[in-house]
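A quick write-up on the structure given underneath.
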Amino acid sequence: MAYTVVIPQDITEPGKAFLRDKGYAVVVGSGSIGPEDIKKAIAPADAILARTAPFPREILAAAPSLKVIARHGIGVDNIDIDYCAVRGIRVSRTVGANSEAVADYAVALMLALARQIIPIDRRCRRGAWGTVMTADLSDRTLGLVGLGAIGRQMVRRARGFSMDIAAFDVAWDEAYARANGVRRLDVD
């Protein structure tokens, strides 16, 4: 018997092909994260590959055969963990799976703000070619709250900009901090 993996929010073709090659029946939802759409999509699920869609008790109750939820990402705040425990539904997460992407987006936003990319783009589209003062990232201080997978990816990128890096983490890794030039600060 093939298990049914439901993917409410679509993933790449290679990911779906991997599951099919392992013998799983793959059902892709409409992409909507509305409660009724998710209930309908997960009804036949033995497993759910969860991204950002919410999975409270009311939605999970619509999947009577559900055995596992695999969360693409580290957070499980969108999944009713207590309800899963009561039903014996295992919940896994993919620590570090998106740390590179999150760090890239964070640096892109830092650059967009420092270099005023969006306002300058809008001005140029209007034909306003005047000078705009912007800021460098180099030699600035980056403050991080957390030196987990994402924080460490931020450190790698910030070092490329010669930034001073200060951080707080409840599980401080002094050896990592020393090796990467990260100053320890209190969260405040």
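The values are calculated or read from the model by the stated rules, or taken from the named source; none is laboratory data. Given the structure is predicted, the values throughout are model-derived calculations rather than measurements. Because the Cβ atoms are built from the backbone with ideal geometry, glycine has one as well, and the counts that use them run over all protein chains shown. Ligands, DNA and RNA are excluded from the accessible area calculation, which covers all protein heavy atoms including side chains. Shrake-Rupley method; radii C 1.70, N 1.55, O 1.52, S 1.80 Å.
So here's what we get for this one:
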| read-out | value |
| --- | --- |
| Hits in the range 93-102 - residues which are part of a helix (DSSP H, G or I) and either open to solvent by 60 Å² or more (accessible area, probe 1.4 Å) or under 30 Å from Met133 (Cβ atoms) (or both) | Glu100, Val102 |
| Any hit, the range 143-164, residues being open to solvent by less than 40 Å² (accessible area, probe 1.4 Å), in contact with a strand residue (DSSP E or B) (Cβ under 9 Å, 6 or more places away or on another chain) and more than 29 Å from Arg51 (Cβ to Cβ) | yes |
| Subset of the range 50-59 [touching a Lys or Arg at 6+ places or on another chain (Cβ under 9 Å), open to solvent by 40 Å² or more (accessible area, probe 1.4 Å) and at pLDDT 95 or above] | Glu58 |
| The range 60-89 - residue that is closer than 25 Å to Ala103 by Cβ and in a loop (DSSP other than H, G, I, E, B) and, of those, least open to solvent (accessible area, probe 1.4 Å) | Gly73 |
| Close pairs (8 angstrom Cβ cut-off, 6 or more residues apart or separate chains): without any contact (Cβ under 8 Å) to a residue 60 or more places away in the chain in the range 170-188, open to solvent by less than 50 Å² (accessible area, probe 1.4 Å) and in a loop (DSSP other than H, G, I, E, B) anywhere | Trp172/Leu147; Asp173/Leu147; Tyr176/Leu147; Ala177/Leu147; Val182/Leu147; Arg184/Trp172 |
| Some residue of the range 81-94 being more than 27 Å from Gln153 (Cβ to Cβ) and small (Gly, Ala, Ser) | yes |
| The range 103-122, residues that are out of contact with any Ser or Thr (no Cβ under 7 Å at 6 or more places or on another chain) and either open to solvent by less than 60 Å² (accessible area, probe 1.4 Å) or acidic (Asp, Glu) (or both) | Ala103, Asp104, Ala106, Val107, Ala108, Met110, Leu111, Ala112, Ile120, Asp121 |
| Matching residues, the range 1-30, being in a loop (DSSP other than H, G, I, E, B) and touching an Asp or Glu at 6+ places or on another chain (Cβ under 6 Å) | Tyr3, Ser30 |
| Yes/no for Gly96 being closer than 30 Å to Gly143 by Cα and in contact with a Lys or Arg (Cβ under 8 Å, 6 or more places away or on another chain) | no |
| Residue tally, condition open to solvent by less than 50 Å² (accessible area, probe 1.4 Å), assigned to a helix (DSSP H, G or I) and more than 10 Å from Leu60 (Cα to Cα), over the range 31-45 | 1 |
